[in-house]
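The values are calculated or read from the model by the stated rules, or taken from the named source; none is laboratory data. Because the structure is a prediction, the values reported are computed rather than measured. With ideal geometry, Cβ positions are generated from the backbone for all residues, glycine too; neighbour counts draw on all protein chains shown. Keep in mind that these areas ignore ligands, DNA and RNA; they rest on the heavy atoms of the full protein, side chains included. Shrake-Rupley method; radii C 1.70, N 1.55, O 1.52, S 1.80 Å.
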Amino acid sequence: MLRRAVSVCTLILTILLPGTYAWAEDDLYQFTPADIEFLSQFNIGNLGTPPEAPDNQWADNEEAAEFGKALFFDRRLSKNQQVSCSHCHQPEQYFTDGLAHSQGIGQTRRSAPTILGIAYSPWLFWDGRKDSLWAQALAPMEHPDEHGLSRAELAKKVLEYYPQQYSKLFGKTESEQPDWDDVDFPASPNGSETALENWEDLDQEDQKAINRIFTNMGKSLMAYQRMLTLPPAPFDGFIAALKDNQMEKAKELMSPSQIRGLRLFMGKANCASCHNGPLFTNHEFHNIGVPEANTEHVDLGRYEGVNLLREDEFTCLSPFSDASKNECKEMRFLKTQGPELVGAIKTPTLRNIAATSPYMQAGQFDTLQQVLNHYNKPSPPFYDRKQHPSRPHFDVLPLNLQESDLQDIEAFLHSLTSPLPKDDPWWPVEDKQVTQNHP
Amino acid sequence: MNYGLIAINSISRLSNRRGNLSRLWLLASLVLATISAPATVLAAPTASGEDHHHHSDKTPPPPTKGSLLMQNASNVWQQAVALEDQSGEAIKHATMLRKEVSNLRSKVRKLKASKNTGDMEKLLQETITQLASQVTPWQALAGNLRAEADKLKGESQQIMKQGFISIWQPWIKHEGKLALSSMSGETMAMAHNVQVRSMSPSVPNPTMEKMKQDDGESMSINRMAMSGQSIPPGLETSSFKVSRNQDIFGHIEAIPDDNTKPGELPLNEIHQWYLILSDTDGQPIHDAKVRVEGHMPGHVHGLPTQPEIVEEVSPGVYRVDGIKFQMSGWWVMQFLVNHQDEEDSITFNLVL
């Protein structure tokens, strides 16, 4: 009798509380063909090759990628000979550094995002202030707080350290480089006042020659980053197992909590609305009301990014791009106005997210739990009339999920961590030698 | 207070209105009787339009079939607008009646309180009953008139479409509504939950609401609603539209590329359209300055790009470049047209 009453009660509860309906384990792992087709679109195996890059003729050149890799790990390309790209994008940490603010020569304003999958993004940096990976790669090089060298120094050093590789790829260098004896260092259109004065003292031909070498560095770094691929994560194996109807294997790859999390992620929690596709990102800009890292100097996000893009010297439309104007439509039809730009930050990939804390553009959250708590009860964006051009857009709604739901989603996110590769020449994990001075 | 006078006033107003009412009723039924035919009646000259074309050596040259069709479309549209106006009048009238009823009711209450009732209350009650009984018929009339107006607008758009096809045949490859290309992968075309403060608080959150039910066909995963963005039922999604000031007819045509067929739009890819603009006589709107705006009403955000008119490829045919949709759902595309110093706009709804 009691049993019956309990089962009736359960039935009533099930009817009354569909949101808290507890999945029986067998049901939990039951996915229909339509489910599997839908989920397959998140499988890393469906990522395809990086988008065409008409603005970089060396984008898919393997020698350029080799050269780019050498540059990526070369600490000599910094003011104190200690900072390489890999200093903040560490292969062992999925090309992040685990810091809220990266440490180069100084400290950066925002955190270093992973570069895995970045070749698929039309916009670079958290605010999308660059429209190509080659243009992006150059900015930290001459940023006083990152590599801290001037453009002229970088160009000179690259020719000095890599004369053969450079000339093999980009042709004769003698006629195309300035007479270095005539150049006062540092010289750069960005950076210190001295650097700027010295840059302005150079004639246009010399500036152009230096820019050519500099942008070729960027194009090689881009070619390298396009070579990076992600090994399948448990989630990808799970989808493949489902497709092959290997239920036992599927169950080994993802726990019931992770499956509940997966179902929430795609459905009730709405995460997949922006975190979709094999990289779990739509490559767009949103304001999710993350606490302002510095209320004295607010992050205007995409609003600022767009303004910087319009003045950028190395866009797809610039003379250093290899694309025709017609191939630069993202720049030609750049959206420059709209309240949704204010404070909007690029949706990051969720691949390896559990292994790449802290979170958000300035490491505002240390743990995934904090991130999920924020989404569950988001605070509206900070607004300061003096600093913001308009009230920031607010792109998320409270989820009002239960604690256990959030834990399940967190568990699911762990299934997106790929194993570190053992013998991927482009992603050297154990070979510490490579992070030393490159020969 | 003289309640006798109030009652008499009400009755006299009522009787006046009755006169008006019957006149309006008569007009309305007349309109309703005539509008059922107009499409056929008005389409008649078009059939002969082509015939004239061949043996017309004498001046002035006869109007082309296309421009006759456009004129017809314009006439039908004007009728629809007239009906809408009448519908508005009928609604106003119904509202007035309701106000009068409530006004009289409050007077009856006061009359009761003064205990000096008698015939006066009865008279007022009768008046109230009479007036109240007319509210619903007037509302129904307004509804019918509006429905007829909508029907006529649909017919006008059909005729306009024929006119466009006749005049701009080489440019028009697709007459139906625009939809996402199958290459875009419908299942991947996700809505996102951007839907915030500028939306009225009384509007329920469509994304969340749909999620409770919308499992998708034979799916066990709850997916967020792809298009549950409070799209009004019966939303007009024609690619042939009349401008706000009703001076311009417009048509949008997606220019197909290697991956899309006519009428298909790619997701997340910059692509081009033709915008064809005509005046209501079927003459191309030449040399207009056109600004392009697009947004998602359910999401409070615009297009991810800023499209522009890049050239007028033929009189009245404008090439729009830079259009990109980053998600499925209800999009509104608006073209702000400045022609000979007249500002007008033409708006298309797309459900992708």
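For the reader, a short list of remarks on this structure follows.
- Complete set of residues in the stretch A:371-388 that are more than 11 Å from chain B (Cβ to nearest Cβ), assigned to a loop (DSSP other than H, G, I, E, B) and crowded, with 16+ Cβ neighbours inside 10 Å: A:PHE382, A:HIS388
- Counting only residues that are hydroxyl-bearing (Ser, Thr, Tyr) and either at pLDDT below 95 or under 12 Å from A:LEU262 (Cβ atoms) (or both), the stretch A:398-412 holds 0 of them.
- Scope the stretch B:315-335; condition farther than 20 Å from B:PRO233 by Cβ and either of a type in the set (Gly, Ala, Ser) or away from chain A (no Cβ under 11 Å) (or both); matching residues: B:PRO315, B:GLY316, B:VAL317, B:TYR318, B:ARG319, B:GLY322, B:PHE325, B:MET333, B:GLN334, B:PHE335
- The set of residues from the stretch A:169-191 being under 31 Å from the mean Cα position of the chain (by Cα) and either over 28 Å from A:GLU63 (Cβ atoms) or touching a residue at least 60 places away in the same chain (Cβ under 8 Å) (or both) comprises A:LEU169, A:PRO186, A:ALA187, A:PRO189, A:ASN190, A:GLY191.
- The stretch B:289-304, residues that are more than 29 Å from B:GLN340 (Cβ to Cβ) and either open to solvent by less than 10 Å² (accessible area, probe 1.4 Å) or at pLDDT 95 or above (or both): B:MET296, B:GLY298, B:HIS299
- Residue in the stretch A:341-362 that is within 10 Å of another protein chain (Cβ to nearest Cβ), open to solvent by 20 Å² or more (accessible area, probe 1.4 Å) and either in a strand (DSSP E or B) or at pLDDT below 95 (or both) present: no
- The single residue among A:ALA59, A:ALA53, A:ALA65 that is buried (at least 21 other Cβ atoms within 10 Å of the Cβ) and part of a helix (DSSP H, G or I) turns out to be A:ALA65.
- Unique residue being open to solvent by 40 Å² or more (accessible area, probe 1.4 Å), in contact (Cβ under 8 Å) with a residue 40 or more places away in the chain and not aliphatic (A, V, I, L, M) when the list is A:GLU284, A:GLU292, A:GLU311: A:GLU292
- Residue ID - nearest to the other protein chains (Cβ to nearest Cβ), chosen from residues in the stretch A:389-403 that are over 15 Å from A:LEU300 (Cβ atoms) and open to solvent by 70 Å² or more (accessible area, probe 1.4 Å): A:ASN400
- When A:GLU252 is tested against (1) over 30 Å from A:TRP134 (Cβ atoms); (2) open to solvent by 50 Å² or more (accessible area, probe 1.4 Å); (3) within 14 Å of chain B (Cβ to nearest Cβ), only condition (3) is not met.
- Some residue of the stretch A:308-321 being part of a helix (DSSP H, G or I), modelled with pLDDT of 95 or more and in contact with a strand residue (DSSP E or B) (Cβ under 9 Å, 6 or more places away or on another chain): yes
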